[in-house]
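Reviewing the structure listed below.
Nothing in this text is a laboratory measurement; each read-out follows from the coordinates by a stated rule. This is a predicted model, so every value here is computed, not measured. We place every Cβ from the backbone using ideal geometry, glycine too, and count neighbours over all the protein chains shown.
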C-alpha cells in the first residue's frame, strides 16, 4: 500500500502517522458475513461460530451488526432479532454494499 507523505517543518511523515492507519476496504453489507447478498440464519450462525471458536471472519466489519468496533455476542443477538422480527436494523451499509461510515479497527479485506 502506498502512503502519501506530509511535509511539516522539513520533516516528512507518512500520512498514516498523522491520521492513523488507512485500510483499503471492500464493499460489504452489514450482517452479511458470508457475502451472498442476503442476511440469513447462516450469517448469524457464522458470527456465533467465529466468537465461540475465536476464529476470524472474512469481513469482520460485516459481522459487527451494531458497528461498535467489535464482533460480540450482542451482534449475534441483534442479527438473530433482525432475522426473526425485522428489528433492530443493522448499521450502514445495510441495503447495498458499501464501506463502513465509521472508523474502527475492523477490516474488510479486498
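Starting from the Cα gyration tensor of the stretch 24-110, multiply each eigenvalue by 5, take the square root, and state the resulting semi-axes largest first in whole Å.
Sorted largest first and rounded, they come to 17, 15, 12 Å.
Along the Cα→Cβ direction, 7 angstrom out, place labels at residue 68 and residue 104. What is the inter-label distance in nm?
Here the modelled spin labels are 0.9 nm apart.
Once you place label points 7 Å from the Cα toward the Cβ at residue 94 and residue 54, how far apart are they in nm?
Rounded to a tenth, the inter-label distance reads 3.3 nm.
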